[in-house]
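Novice: Take this structure first; my questions come after.
The values are calculated or read from the model by the stated rules, or taken from the named source; none is laboratory data. Keep in mind that what you see is a predicted model, and the values were worked out from it rather than measured. Don't worry about glycine lacking a Cβ; one is built from the backbone with ideal geometry, like all the others, and counts go over all protein chains shown. Areas reflect the complete protein model, heavy atoms only, side chains present, ligands, DNA and RNA absent. Shrake-Rupley method; radii C 1.70, N 1.55, O 1.52, S 1.80 Å.
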Amino acid sequence: MTPDEENLLRDIGVLLLGNLAGFTAMTLVYGVFVLLFSISTYKMINRGIKARTTVAMFVMSLLSFLIATVYWSAYLASFATLVRGILVDTDIGPLDNDDMSFDGINRKNLRFTRMQIWTAQLLPMFSNAVLIS
């Protein structure tokens with residue numbers, strides 16, 4: 001194996017390991033969020049959703065949960081696309097080729113990245129609205 005191939009393999013490993021670590025941490029936090037959302041929803045429904053403030057809090061809590069779910073799903077799809085693109089679909093070819101790049105993988109991941117950015121902007125707003133109401 002040439003030094004260029006070793007560097008490429010090392011870079012791919014670092015990229016995949018970093019994304020896997022981030023996804024694992026995000027999944028743990030999302031699991032806690034699912035548990036807290038389930039408990040709070042159960043408590044609100046048992047007490048009754050008659051007051052306008054309770055309805056507003058329930059709706060904001062539901063929207064916050066849905067946005068967090070979209071964010072987690074977009075991260076999962078982005079990670080799966082990255083792994084598939086690097087390990088399955090990529091034909092790197094000879095390393096002395098100047099056209100070698102991962103632009104195709106980046107283009108496939110762009111829509112998921114946009115979704116992550118969009119939900120990352122909205123989630124704090126709705127979460128703060130739950131706290132305020």
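Novice: Return one whole number: the accessible area per residue of segment 1-94 in Å², for a 1.4 Å probe.
Specialist: I get 66 Å² per residue for this part.
Novice: Sorted by packing (mean other beta-carbon atoms within 10 Å per residue), highest first, where do 44-52, 25-33 land?
Specialist: 25-33, 44-52
Novice: Where Lys and Arg each count +1 and Asp and Glu each count -1, what net charge lies around R114 among other residues with Cβ under 14 Å from its Cβ?
Specialist: Neighbourhood net charge equals +3.
Novice: May I ask you to evaluate 6.51 cos²θ - 1.76 cosθ + 1.60, the Karplus curve with θ = phi - 60°, for each residue of segment 64-69 and list the ³J(HN,Hα) values in order in whole Hz, giving x for glycine and proline?
Specialist: Running phi through 6.51 cos²θ - 1.76 cosθ + 1.60 with θ = phi - 60° gives 4, 5, 5, 5, 5, 5 Hz.
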